[in-house]
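Shown next, in structure tokens, is the structure this report addresses.
The values are calculated or read from the model by the stated rules, or taken from the named source; none is laboratory data. The model shown is predicted, which means the values in this text are computed figures rather than measured ones. Virtual Cβ from ideal backbone geometry, glycine too; neighbours counted across all protein chains shown. Heavy atoms of the whole protein, side chains included, go into the accessibility calculation; ligands, DNA and RNA do not. Shrake-Rupley method; radii C 1.70, N 1.55, O 1.52, S 1.80 Å.
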Amino acid sequence: MHVTHLSLADFRSYARIEVPLGPGVGVFVGANGQGKTNLVEAVGYLATLGSHRVSSDAPLVRAGAERAVIRASVTQGERSQLVEIELNPGRANRARINRSSQVRPRDVLGIVRTVLFAPEDLALVKGDPGERRRFLDELVTARSPRMAGVRSDYDRVLKQRNTLLKSAAMARRHGGRGMDLSTLDVWDQHLARVGAEVLAQRADLVAVLGPLADKAYGDVAPGGGPVSLEYRSSAAHEAGAGPAGAAGGEPSGGGTPVREELYEQLLAALASVRRQEVERGVTLVGPHRDDLVLKLGELPAKGYASHGESWSFALALRLASYELLRAEGNEPVLVLDDVFAELDVRRRERLAELVAHGEQVLVTAAVDDDVPGVLSGTRFSVADGTVERL
């Protein structure tokens, strides 16, 4: 799969830009602040419905404009599609596929797939659990686009359950009569049912991704490792289960936990912490409280890995993601956003060798010399809101 044309209107620094692309390597070179990353950020948005740089859509719309449009022509095998997202901060975004407006934004997921390497990736190792949960969920959705709807359902149920808990907590603090919490049982069931689906998908992903990450780490940093991935489930912890199994507990039949087991586990965990939840006014267990522990040898990488080891681990996670998606039949676009300037020469060359033969590789760099020679291909100059092929 590759993008053959990218069109932007009022996106970031671009009032309007048309960029012809194709398979192979494309390198965008320009000084910092000229808009290189904006181009690959737009491609990534089509793949994930989010930016790797900011958490909301508002900064993506050019100053003074009401909306932004990202449009791309995408080719997979013999099939070509035109996909478009209109960003409307404060209102619902709109989507089109082959110029049909009868689609939801999440219906475009799966048309464009990307694996993006960026300086922000260091947060996968050193950052908060939310960074790692986002990594898992974006990859889960790339494998199974329908999971975007499941995640949306989970967020909706969680929000409504938290609203009920917050009201109960406020009533208690102000000395009022206790609220009727009988409806909380219903919300528990909803949260456990949808949460079990999220956990099952994460469990399957971690099980297959772990060995690929270990191999990729060895490729990026020969002689280093081994590395492993361990999913820490808040529900399993409350249920007294150990960390064995991708979702934090060993199922009765071995392997990764099945949905019904996870559903029962979540229900039991919610029941065990209900008193604390009512006191604090927030849901304390569920996929939104979990973490992916990255281990270098026997120790967690966070807090123990050196800067170079942390970078290697982050790169290994992205390379493993790429290999997984490619093995499942839809090779993603590889995006390397200003990564080479962050790496030492050895890691720079190793990474370039590993990705050079991807169907489409998009690279951004402030200095052309930072890009290893093995990544030869089409060069673009980015300056003053223009993109010119060299």
Under 9 Å between Cβ atoms, at least 6 apart or on separate chains: pull out the pairs that start in the range 293-317 with a residue that is under 14 Å from residue 211 (Cα atoms) and end on any residue that is surrounded by fewer than 22 Cβ atoms within 10 Å (Cβ to Cβ) and basic (Lys, Arg).
-> 294/302; 316/215
Would you check if there is a residue in the range 158-175 being over 23 Å from residue 284 (Cα atoms), crowded, with 18+ Cβ neighbours inside 10 Å and touching a helix residue (DSSP H, G or I) at 6+ places or on another chain (Cβ under 7 Å)?
-> no
Restrict the check to the range 292-311 and report whether at least one residue is among the polar types (S, T, N, Q), surrounded by 23 or more Cβ atoms within 10 Å (Cβ to Cβ) and at pLDDT below 95.
-> no
Residue that is nearest to the chain's Cα centre (by Cα) [pool: residues in the range 261-299 that are of a type in the set (Val, Ile, Thr) and outside any helix (DSSP H, G or I)] = 293
Residue 9 being small (Gly, Ala, Ser), modelled with pLDDT of 95 or more and under 23 Å from residue 119 (Cβ atoms) = no
Expected output for the range 39-51 (first residue acidic (Asp, Glu), partner open to solvent by 10 Å² or more (accessible area, probe 1.4 Å), Cβ below 7 Å, 6+ apart or cross-chain) is 41/52; 41/53
Subset tally (residues that are over 17 Å from residue 143 (Cβ atoms) and in contact with a Ser or Thr (Cβ under 8 Å, 6 or more places away or on another chain)) for the range 189-218 = 3
Could you give me the residue pairs with C-beta distances under 7 Å whose first residue belongs to the range 371-388 and is among the small types (Gly, Ala, Ser), whose second residue is not in a loop (DSSP other than H, G, I, E, B) wherever it lies, and which are 6+ apart or on separate chains?
-> 376/25; 377/24; 377/25; 377/26; 377/27; 381/29; 381/388; 385/14
Considering every residue within the range 315-322, establish whether at least one is outside any helix (DSSP H, G or I), crowded, with 18+ Cβ neighbours inside 10 Å and not hydrophobic (A, V, I, L, M, F, W, C).
-> no
Among (1) open to solvent by 30 Å² or more (accessible area, probe 1.4 Å); (2) out of contact with any Asp or Glu (no Cβ under 9 Å at 6 or more places or on another chain); (3) part of a strand (DSSP E or B), which single condition is residue 361 missing?
-> (1)
The condition of being surrounded by fewer than 20 Cβ atoms within 10 Å (Cβ to Cβ) and in contact (Cβ under 8 Å) with a residue 12 or more places away in the chain holds, among 62, 91, only for 62
Given (1) over 24 Å from residue 145 (Cβ atoms); (2) assigned to a helix (DSSP H, G or I), index of the condition residue 222 fails | (2)
Hey, residue 55 in a strand (DSSP E or B) and over 25 Å from residue 354 (Cβ atoms) or not | no
Could you grab me the full set of residues in the range 207-264 that are at pLDDT below 90, of a type in the set (D, E, K, R) and either closer than 30 Å to residue 352 by Cβ or surrounded by fewer than 17 Cβ atoms within 10 Å (Cβ to Cβ) (or both)?
-> 259
Check on residue 337, closer than 26 Å to residue 372 by Cα, surrounded by 23 or more Cβ atoms within 10 Å (Cβ to Cβ), at pLDDT 90 or above and of a type in the set (Asp, Glu) = yes
Evaluate the following for residue 96: is it open to solvent by 40 Å² or more (accessible area, probe 1.4 Å), in contact with a Phe, Trp or Tyr (Cβ under 7 Å, 6 or more places away or on another chain) and in contact (Cβ under 8 Å) with a residue 12 or more places away in the chain?
-> no
State which residue is least open to solvent (accessible area, probe 1.4 Å) when the search covers only the range 375-386 and only residues that are in contact with a strand residue (DSSP E or B) (Cβ under 9 Å, 6 or more places away or on another chain) and not in a strand (DSSP E or B).
-> 375
Per the filter on the range 67-80, residues modelled with pLDDT of 95 or more and open to solvent by 50 Å² or more (accessible area, probe 1.4 Å) are 67, 71
Residue 326 versus (1) under 30 Å from residue 387 (Cα atoms); (2) outside any helix (DSSP H, G or I); (3) open to solvent by 10 Å² or more (accessible area, probe 1.4 Å); (4) not aromatic (Phe, Trp, Tyr): which is the lone unmet condition?
-> (2)
